[in-house]
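Taking it in order: structure first as structure tokens, then the write-up.
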Amino acid sequence: LKGSVTKRAKRAKEVLKSPQDFIKVIRVNYEAAWRDPMATMLKQEKLDLVVFDEIHRIKSPSGRSSRYCAQLAKTCKRKIGLTGTIMPHGPMDIYAQFRALNPMVFGTSFAQFKINYAVMSGYQNYQVVSFKNEKELRSKIRQITYEVGAEVLDLPKAIHMFKECQLGAAAQKIYDNMESDFYSEVEEGNITAQNALVKLLRLRQMVGGYAPTDEGEYVKIDNSKSALLKETLEDLGSEPVVVFCQFRQDIKTVHDVCAELEIESRELSGRVKEHDEWSAGSGQVLAVQIQAGGVGIDLTRTRYCIYYSLSFNLGDYLQSLARVHRPGQNHNVRYIHLLASETIDIRVHKALQKRQNIIEEILHGDM
């Protein structure tokens, strides 16, 4: 359904009230579903079946979409949830999805769910530091889940490669100052982090080669990783390539490197949508902001995927992997991770691997 929420709700009601004897299906995105008049209309219809596609998108218990889906589910006879990443960040993502599918499994209190399965610490006991009662959690998850492994898709192999570079001496000093003192000086001004989260952000920006001064001006501090990207693209020759990035400045770096190599590049980000052109064969390299290149995007034109920068978001990472290694891919896939040695790049990859290991243990460990 397209158009305003009001128009879509009217058209959906017409379809559902149609006297024709056939199965009636309406498709509504999460953002429109919780808004009236669509929200009220869907609940009043008492649907026979609701399918929550990419159900991990309602993982936040307090989110409007999540709360509405839980209400809608109460009015429906049958519920199905589909996802390839049931725990994008970790076990706490389970609760809201099961609240919509079957609240009898974990109840209707997220606070109680955390008491049962999370070890809390930090300020006012707010931070999840580890997990407990994993076997019980695993057993309850299995009560209403059915898992189809990737092996049924008969996909080609996926190979992960890691290429490292060393920051230049000047950049390393800037990086070390930020890491230890939350502050660095560059010719163009000062780079300051007000807290630990901002410091992590600045460190991740720095390893990509740029960082913003306190005045908001992005300054180049290093070209080690961009040189590694250039070398990697040269090695791949004329093959189509996807380069995943976290930051806008990293996207710009990809375009700049491609220009140096006289390679035509396209972009998929929050601002630019050139995925269709690239998929049709226009341009060799597609620079993808990883948050924009997740669910619903097909990147099987390529078998080469380069990660220039990443965040700690496991869900974004797993979804990006699946954009290339999916049905329609006929070649072995190679994921090439570009890392700056002895920097936050290494910590990010270790954190993602640790989270993935926790999820694997909960989903597939012994009872």
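The values are calculated or read from the model by the stated rules, or taken from the named source; none is laboratory data. Keep in mind it's a predicted model, so treat the numbers as computed, not measured. All Cβ positions, even for glycine, are placed from backbone atoms using ideal geometry, and neighbour counts span all protein chains on display. Ligands, DNA and RNA are stripped out before the accessible areas are found, and what is left, the full protein with its side chains, is counted by its heavy atoms. Shrake-Rupley method; radii C 1.70, N 1.55, O 1.52, S 1.80 Å.
Using the Cα gyration tensor of segment 110-166, with a ≥ b ≥ c the square roots of its eigenvalues, what is the shape: rounded (a/c below 1.5), prolate (a/b larger than b/c) or oblate (neither)? Oblate shape, in that a/c is at least 1.5 and b/c is the bigger or equal ratio.
Rounded, prolate or oblate, given the Cα gyration tensor of segment 95-254, with a/c below 1.5 counting as rounded?
Details: a/c = 3.17, a/b = 1.48, b/c = 2.14.
Note, shape of segment 95-254 comes out oblate.
Distances between placed amide hydrogens fall under 5 Å for residue 210 paired with 221, all partners being 5 or more residues away or on another chain.
Per residue of the chain, the DSSP helices (runs of n ≥ 4 H) give a summed -39500 (n - 2.57) that works out to -12000 deg cm²/dmol at 222 nm. Loop-located GluC sites (Glu not before Pro) in segment 114-152 (DSSP state not H, G, I, E or B) with no more than 14 neighbouring Cβ atoms inside 10 Å: 147.
Could you please put 51, 5 in sequence from largest to smallest accessible area, using a 1.4 Å probe? Intermediate results must be reported in sequence, preceding the final value.
Working: 51 75, 5 30 Å².
Solvent-accessible surface, decreasing: 51, 5.
Taking 152, 219, 333 in turn, the Gaussian network model of the chain (Cα-Cα springs below 10 Å) assigns the largest fluctuation to 152.
Separation of the alpha carbons by more than 31 angstrom is noted, of 10/114; 13/79; 114/173; 7/252, for 10/114; 114/173; 7/252.
With the whole protein complex present, residue 8 retains an accessible surface near 40 Å², based on a 1.4 Å probe. Comparing mean-square fluctuations of 149, 283, 63 from a GNM of the chain with C-alpha springs under 10 Å, the top value falls on 149. When a 1.4 Å probe is rolled over the protein heavy atoms, the share of accessible surface on the chain that falls to carbon and sulfur comes to 48 percent.
For residue 163, the aspartates and glutamates whose Cα comes closer than 16 Å to its Cα, not counting residues fewer than 8 places off in the same chain, are 231, 234, 235, 342, 345.
Applying the criteria of a DSSP loop state and at most 10 other Cβ atoms within 10 Å to the trypsin sites (Lys or Arg not before Pro) of segment 254-291 yields 271.
Just want to confirm a number: the relative contact order over the chain, from Cα pairs under 8 angstrom separated by 6+ residues, in percent. Before the final figure, lay out each step's value.
Working: 575 pairs, mean separation 55.5, N = 367.
Once divided by the residue count of the chain, the mean separation gives 15 percent.
Taking K and R as +1 and D and E as -1, what net charge do the other residues with C-beta under 9 Å from the C-beta of residue 332 add up to?
Values: positive: 157, 303, 334; negative: none.
Within the 9 Å Cβ shell, the charges total +3.
A simple spin-label model places the labels of residue 136 and residue 291 3.7 nm from each other, with each point 7 Å out along Cα-to-Cβ.
In the chain, what % of DSSP beta bridges are antiparallel (nearest 5)?
Expressed as a percentage, antiparallel bridges in the chain total about 30.
Taking the Cβ of residue 315 as the center, what net charge do the other residues with Cβ under 11 Å away carry, scoring Lys and Arg +1 and Asp and Glu -1? Local net charge: 0. Annotation for segment 119-149: trypsin sites (Lys or Arg not before Pro) lying in DSSP loop with at most 14 further Cβ atoms inside 10 Å of their Cβ are 132, 142.
Please give the per residue accessible area of the chain, computed with a probe of 1.4 Å over protein heavy atoms only, in Å². Mind dumping the intermediate values first?
Values: 19440 Å² over 367 residues.
I get 53 Å² per residue for the chain.
Relative to the current alpha-carbon distance between residue 274 and residue 181, full extension at 0.36 nm per residue lengthens the span by 29.4 nm.
Loop sites only, by DSSP: take the chymotrypsin sites (Phe, Trp or Tyr not before Pro) in the chain that have at most 14 other C-beta atoms within 10 Å and name the longest stretch containing none of them.
Numbers: sites that count: 22, 126, 146.
Segment 147-367 is the longest.
Ranked from largest to smallest solvent-accessible area, with a 1.4 Å probe on the protein heavy atoms, 253, 75 come out as 75, 253. For the residues 340, 280, 33, a GNM of the chain with alpha-carbon springs under 10 Å puts the largest fluctuation on 280.
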